Structure formats: structure tokens, C-alpha cells
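Here the structure is laid out as C-alpha cells; the discussion comes afterwards.
The values are calculated or read from the model by the stated rules, or taken from the named source; none is laboratory data. No experiment lies behind these values; they were computed from the predicted model shown. Every residue, glycine as well, gets a Cβ built from its backbone with ideal geometry; the counts of neighbours run over all protein chains shown.
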Amino acid sequence: MDQPWREHLVDEGDGTMRIRAHGSMKTDARLITDADHMLRHADDRGPEQLINTASMPGIVGEAWAMADWHYGYGFPIGGVVATDADYGELGGAISPGGVGFDINCGVRFMALEATLEDIPNLKKLAGRLAGRIPAGGSGKGGIDIKPNDLQDILLRGAEATADLGYGYHEDLPFLESKGTLGTDEASLSQRALERGMRSLGTLGSGNHFLELQTVGRVVDEKTAAAWGLYEDQIVAMIHSGSRGLGHQVCTDHVRKLESTYKQQNGQWHNEDWDYTLPDRQLAAAPVHSKAGQSYLDAMNAAANFAFANRAVLADRLRTVLRLEMGVDGEARTLYDVAHNIAKMEDHVIHGQHCNCVVHRKGATRAFGGDHPDIAAQFANTGQPVIVPGDMGTGSWIMAGALEGNNRAFGSSCHGAGRALSRTQAKKTLDGKKLKKTLEEKGVRVHASTPNVLSEEAPDAYKDVDEVIRLTAKAGLARPVARMNPLAVIKG
């Protein structure tokens, strides 16, 4: 950078701050924030990464950072960047770093027609969930599938698992893109396939979780009623992704693409496409090039695996709920939303139609009810936007606009966002003490991996209520209901 980025920062007064284009930036960058939020945000690495993304070949509009932004690989977590698919001869850039290693990490939100009084024994229910929901980094405990089952899942996502008897076909309209992204070949490395064979139906580690919650506060009665939500109701969130398969897909394509970039005058240059980038971790290919299409197809296949994975986890959750609660344990899917994804979408940018490659890394769609990709049941409410918080504070469900898409390519935040790195959290937070404190508050906690409670402690995250306030202030989505944690299963 020729000058510190804060010298180019302008408060727009509308819930956003603009970093005016400078240096190699092709567009301005926008952060969902205000003066108070910025004062508490000391780590400049995330905004610096956002500035770097504004140099992506073919970028359109502005580079966005949602209110939960923090430092990531290449792109910041919370980054939303779109490129023009019709830019140049081969289209604008698509970057694995703009999606991340956990392809289609996402959240399924499920609702029961029950309240806390309908749970006979919460401690027993939480213990049985911990026993039936495989969690941790190993991938052990996945359902048994054959190689041809895996290939079908890579091609058809959640529909394929429903055909195998995991999940309901009637869930499909309630999943983003109906739980399937288009693939031509689903050609993945043997290592990626091996990792996928054993991990379908597993939660994973880190920030992945299954959480039983109660609806603590409804703030949009009309939308909540349309979605069948009410105060004190039991709901569940399942947060997981494509597991080792998706990580391997990203690793394979990142290694291949980064090897084609050479350092040149302090930048990274690819001779084949004449791409110059400020950070090698942004390594990208034109979306219509052979490399770009290969990544897009493999990413879609991994995303399909993630939709299928959450479908199997939902099936396992339903089984436990029925065993422990009988008919009161029947859970319906309200919505399943993806983050960590790149999608081909139509948008209007500065009055002009654009066929865009929209990267959402730690961000979700928040489409309006009139969008053609939104199912009919959300036409009068806008798309549900699921925003997990932390296991000690709470989570939210929001809604997209009633009509049209917001200015950030129809995007919203995806969670609270980290305030401390995992290393910092492990050094400063006591996981055992946290578990005791939460259980004294009535929150049952089961964790499979040592240190995960320290890494994922509430103090390691931003204030989710603040993130929701900023998101609403910027007009990206509107709050519907706030959930309180009840039982937490962590990897």
C-alpha cells in the first residue's frame, strides 16, 4: 500500500464505511460498520485483505465486508466480491481463496412444534445427541456409502441422500438452490474422494456445531408467524460443511493456481491470463478458462456434498428427537443456507445488467422474496438468513428484502465473526470454566475435541447483537427472531 488504508476511509452514515480506491484497487471497498464498531476493531488485516480483493480482474460494483468480517485466507471472512463473467475473452476472475477451504459451510435451521416443557430430560437428550452426532476432526462415524453413492451425491446433493433414505424429499424446496448446484463432471482427486467416503453425516470440529435452542424473542411478528416461529419454541441449528472432501478440493486447486503466479515488482503475475494480484493467496483464473471451469465444477460438487452432509445430520437429529420426545420431536426444515460459495448470478450494477461470479466467503445470500431463485413459500417474507452467534449468548434469524436485492449483491453476514484468533483464545480463555458457567445457566455442552471450548468461547467472538444491528442499519437484512442456546454439540 502506498498509504495507510485509514487515510482513505469515509463514513457514509448509512451503516457502511467506504475505503476509496487507491493503489491497485479497481473499485472502492465497503465495510458494514460504524464509528463505534471501528473503534473496537484493532486488527487491520481483514480490511487490508478486502482492499486486495478490490484489485481482482473483472471486479464489478464494490468489494464488501459484512459486519462479522475478520482475517482469512486471501479474502477476509465476511468478504463479498463479484466479477463480471463476460469480462474480457474468458470472463472475470474466480478465486478459490474467495470461497475458502470449507466449501459450502452452511447452516440448516429446523423448528419443532414443542417448547422446553415437552422435553422429558434435557440432560439425557443432550447426551444422546452427543452420542449419535459424530463430531471432531477425524471424520469417523460417517454413514456407509459406496463409491457410486458418493458420485451421485457429488452430482445431485441433498436429493441423492433423500433417495438413499436420509432426509425427506419435501425438505428440498427449503434448501438454498434446492440442495443441488449444477456439475458437469464432478472430477475430484482420489484423495478428496477418499476423505468424502468416510465423513458423510459428521459434524466436524472448530466452529461447527449442532445446537438446540429456544426462540427467546420475536421482533418481526408477521414474518415469524409466516415461518411458523413463536417465543419459547424449540428450534435447532446445524452448522457444518463439506468436511475433508471440500478442504481437499480447495487445497488441490489453490496449489495448482498459486503455482502459476510468479512474483514481479512486489506483485504476483500470471502470464497466461495477464493477471496481476497483490497477494498470491488471491490466485484466480478467468471463470471461462479451463482452470476456472475445473474449479467451479469441483467446487459445486463439494457444495453438493455439504448439502448432503447437513441432510444426513438433520436425519440423525430427527431420529434422536423422536426417540426422546416422541411425536413432539418431529422437526421441519425452515431453511438451509450456504456460505463459503461462488455462484453465477444476475445482478444490476450501476444500472447495467451483469452476469456475475459472486464470491461469498463467510457471507450468505439474503435475496428478496420476488427473486426467481427463492421458493414460493418465501415470496411474501424474503429469504431466511440464518446467523449463528456463540454458544453462550444466542443466535438470530433474519430475512431478506420483501422485493429486490440489497446493494451488496443480495448478501448478508453469516455469524458473529471472530474477535480473537484460535491461538489467542486458547491462551486466554479457560474451556473447563466456560463449560461449568454455561451449565450453571442451563446450557448443556458436549465437546469432542480438546481446547475447542476455549477456541469457540463467547469471548472469542464479536457481539452477535451488534452484528445484527449493523446489518439491519445497512439495509442488508431485517431481524426476525433471536434464539437462546439450550444444548450444544461441538466438534
Inset, instruction - Could you grab me the full set of residues in segment 431-457 that are modelled with pLDDT under 70 and over 22 Å from THR202 (Cβ atoms)? - result: ALA457
Legend entry - Number of the condition not met by PRO479 [criteria: (1) in contact with a Ser or Thr (Cβ under 9 Å, 6 or more places away or on another chain); (2) outside any helix (DSSP H, G or I); (3) modelled with pLDDT under 95]: (3)
Inset, instruction - Considering each residue of segment 160-191, count those that are within 26 Å of GLY491 (Cα to Cα) and of a type in the set (D, E, K, R), and give that number. - result: 3
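Of the residues SER95, SER138, only one is modelled with pLDDT of 95 or more and farther than 21 Å from MET237 by Cα; which?
Details: SER138 fails: modelled with pLDDT of 95 or more.
Being modelled with pLDDT of 95 or more and farther than 21 Å from MET237 by Cα holds for just one of SER95, SER138, which is SER95.
Go over the candidates ALA375, ALA342, ALA338, ALA379 one by one and state the one that is within 24 Å of GLY400 (Cα to Cα), surrounded by fewer than 18 Cβ atoms within 10 Å (Cβ to Cβ) and in contact (Cβ under 8 Å) with a residue 12 or more places away in the chain. Lay out the reasoning, then the answer.
Details: ALA342 fails: surrounded by fewer than 18 Cβ atoms within 10 Å (Cβ to Cβ); ALA338 fails: surrounded by fewer than 18 Cβ atoms within 10 Å (Cβ to Cβ); ALA379 fails: in contact (Cβ under 8 Å) with a residue 12 or more places away in the chain.
Among ALA375, ALA342, ALA338, ALA379, only ALA375 is within 24 Å of GLY400 (Cα to Cα), surrounded by fewer than 18 Cβ atoms within 10 Å (Cβ to Cβ) and in contact (Cβ under 8 Å) with a residue 12 or more places away in the chain.
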Legend entry - Residues that are among the aliphatic types (A, V, I, L, M), in contact with a Pro (Cβ under 9 Å, 6 or more places away or on another chain) and surrounded by fewer than 19 Cβ atoms within 10 Å (Cβ to Cβ), drawn from segment 1-32: MET1, LEU9
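Taking ASP149 as the residue in question, decide whether it is within 20 Å of ALA331 (Cα to Cα) and at pLDDT 95 or above. If you could, list the steps in order and put the result at the bottom.
Working: within 20 Å of ALA331 (Cα to Cα): no; at pLDDT 95 or above: yes.
So ASP149 does not fit the description; no.
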Inset, instruction - Name every residue in segment 302-330 that is surrounded by fewer than 22 Cβ atoms within 10 Å (Cβ to Cβ), touching a strand residue (DSSP E or B) at 6+ places or on another chain (Cβ under 6 Å) and not basic (Lys, Arg), in order of residue number. - result: ASP328
Inset, instruction - Would you please name the residue that is nearest to GLU12 (Cα to Cα), looking only at residues in segment 458-476 that are under 19 Å from the mean Cα position of the chain (by Cα) and modelled with pLDDT under 85? - result: LYS462
Legend entry - Scan of segment 70-104 for residues that are over 18 Å from HIS253 (Cβ atoms) and out of contact with any Lys or Arg (no Cβ under 7 Å at 6 or more places or on another chain), ordered by number: PRO76, GLY78, ALA82, ASP84, ALA85, ASP86, TYR87, GLY88, GLU89
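List the strands (runs of 3 or more DSSP E) inside segment 204-299, counting only whole elements, that have at least 3 residues being within 19 Å of GLY362 (Cβ to Cβ) and of a type in the set (Ser, Thr, Tyr). Steps first, answer last, please.
Details: elements: 209-218, 233-240, 262-264, 267-270, 275-277.
Counting at least 3 such residues, we get no strands (runs of 3 or more DSSP E) at all.
Taking the condition of being assigned to a loop (DSSP other than H, G, I, E, B) and out of contact with any strand residue (DSSP E or B) (no Cβ under 6 Å at 6 or more places or on another chain), how many residues in segment 35-70 meet it?
Of segment 35-70, the ones assigned to a loop (DSSP other than H, G, I, E, B) are 40-44, 54-58.
Going one step further and asking which of them are out of contact with any strand residue (DSSP E or B) (no Cβ under 6 Å at 6 or more places or on another chain), we end up with 40-44, 55.
So the answer is 6.
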Legend entry - Tabulated pairs, segment 241-261, first under 11 Å from LEU193 (Cα atoms), second polar (S, T, N, Q) and surrounded by fewer than 22 Cβ atoms within 10 Å (Cβ to Cβ), C-beta under 9 angstrom, 6+ apart or interchain: GLN248/SER189; VAL249/SER189
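Residue by residue, here is whether (1) over 19 Å from the mean Cα position of the chain (by Cα); (2) closer than 30 Å to SER138 by Cβ; (3) surrounded by fewer than 24 Cβ atoms within 10 Å (Cβ to Cβ) holds:
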| residue | (1), (2), (3) |
| --- | --- |
| TRP227 | yes, no, yes |
| SER242 | no, yes, no |
| ASN265 | yes, no, yes |
| HIS269 | yes, no, yes |
| ASP274 | yes, no, yes |
| ARG280 | yes, no, yes |
| ALA283 | yes, yes, no |
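Could you list all residues from segment 389-410 that are acidic (Asp, Glu) and without any contact (Cβ under 8 Å) to a residue 40 or more places away in the chain? Spell out how you get there, then give the answer.
Going through segment 389-410, the residues acidic (Asp, Glu) turn out to be 390, 403.
Across segment 389-410, the qualifying residue is only GLU403.
Okay, residues lined up against (1) out of contact with any Ser or Thr (no Cβ under 6 Å at 6 or more places or on another chain); (2) surrounded by fewer than 16 Cβ atoms within 10 Å (Cβ to Cβ); (3) farther than 25 Å from ILE94 by Cβ; (4) in contact (Cβ under 8 Å) with a residue 12 or more places away in the chain:
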| position | (1), (2), (3), (4) |
| --- | --- |
| ASP34 | yes, no, yes, yes |
| MET38 | yes, yes, yes, yes |
| ASP43 | yes, yes, yes, yes |
| GLU48 | yes, no, no, yes |
| ILE51 | yes, no, no, yes |
| PRO57 | yes, no, no, yes |
| TRP64 | yes, no, no, yes |
| HIS70 | yes, no, no, yes |
| TYR73 | yes, no, no, yes |
Inset, instruction - Six or more apart or on different chains, Cβ under 6 Å: which pairs go from a residue in segment 115-142 that's under 16 Å from LEU200 (Cβ atoms) and of a type outside the set (S, T, N, Q) to one that's part of a helix (DSSP H, G or I) and modelled with pLDDT of 90 or more? Could you list them? - result: ARG132/ARG316; ARG132/VAL320; ILE133/ARG316; GLY139/GLY244
